[in-house]
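Read-outs: derived from the displayed coordinates by stated rules, not from any lab. Note that this is a predicted model, so its numbers are computed, not measured. FYI the Cβ positions are ideal-geometry reconstructions off the backbone, even for glycines, and counts take in every protein chain you see.
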Amino acid sequence: MPGPWKELGRYGTVGLELALTILIVGGIGHWLDLRYWPGKNWGLLVGFALGAAAGFRNLMRTSRQMQRDIERAEAQDPAASRWTVDESWLNKDDPGGPANPKERETGGGHGPKN
């Protein structure tokens, strides 16, 4: 089972991978524009589009892998997937009072208090 630092390294760089993929492929397109097609920006535009497509493909692939890892970890430790709610943090409404907190502040919405 991979440790949390390995998962952080694997999934923490997803945004960096996306940005670098777009920049590198767009940079290659820009270089092609300067070298072979001066005055035109088609290489940059095509490079940006290909970089964005490849970056989002990698992003989706990584998100699917992350979901598989989460499901695998939950299957190994079913108790880890149970969520509990601390009841002391819940807002319990007064049965006789208004349900809306704004109404509570203004006295039930019946005009200004005297």
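Within the set of other residues whose C-beta is less than 15 Å from the C-beta of residue 78, count the net charge using Lys and Arg as +1 and Asp and Glu as -1. Could the numbers behind the result be given before it?
Working: positive: 72, 82; negative: 71, 74, 77.
That sum, taken over residues with Cβ under 15 Å, equals -1.
State the answer as a single residue: which of 54, 70, 16 lies farthest towards the positive end of the charge dipole of the stretch 10-75, with beta carbon charges of +1 for Lys and Arg and -1 for Asp and Glu, about the Cα centre.
Of the candidates, 54 comes out farthest on the positive side.
In percent, what relative contact order does the stretch 10-75 have, based on Cα pairs under 8 Å that are 6 or more apart in sequence?
Dividing the mean separation by the residue count of the stretch 10-75 yields 36 percent.
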